Amino acid sequence: AAEPADGWSGVRDATKHGNSCVFFCMVQQKMMGDEDCLFINVYTPTIEFAARKATMVFFHPGGFNAGSGDDDLFGPDFIVEKDVILITVNFRLGAV
């Protein structure tokens, strides 16, 4: 079951990706990932306070069996270069 995140004070460092969700890797023939995996990644062009920008939400492919919202396969550069905010999502996979 989901649990509340630990609190923090000041500005939270959000420059690193969270864990990928658990899935069976066909290539390595083993389970990979972590149960603590529900994250949203937000990639932005230059930040301007109160600027209105187009926003795209992307759910990675993988048939709910594999993959993640990290930038290892679907990097944000092309979208962000077009002055668009990109949001990707990590979500639970398979029957794990």
Could you work out how much longer the chain between residue 5 and residue 40 gets when fully extended? Use 0.36 nm per residue separation minus the Cα distance between them, nm to one decimal. 11.2 nm
Over the chain, cysteine residues that find no other Cys C-beta under 4.7 Å are 25
Quick calc: nm separation of the 7 Å Cα→Cβ label points for residue 49 and residue 81 -> 3.1
If we count every other residue with Cβ under 15 angstrom of residue 71's Cβ, Lys/Arg +1 and Asp/Glu -1, where does the sum land? -3
Return the percentage of antiparallel bridges among DSSP beta bridges fully within the range 37-96, rounded to the nearest 5 %. 50
For the chain, calculated [θ]222 nm from helices alone, where every DSSP H run of n ≥ 4 adds -39500 (n - 2.57): -500 deg cm²/dmol
Total formal charge among the other residues, if their Cβ is under 15 angstrom from that of residue 83, Lys/Arg +1 and Asp/Glu -1: 0
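Quick note: the coordinates plus some simple rules give every number you see, no bench work behind them. Nothing here was measured: the structure is a model prediction, and the numbers come from that model. Neighbour counts run over all protein chains shown; Cβ positions are idealised from the backbone, glycine included.
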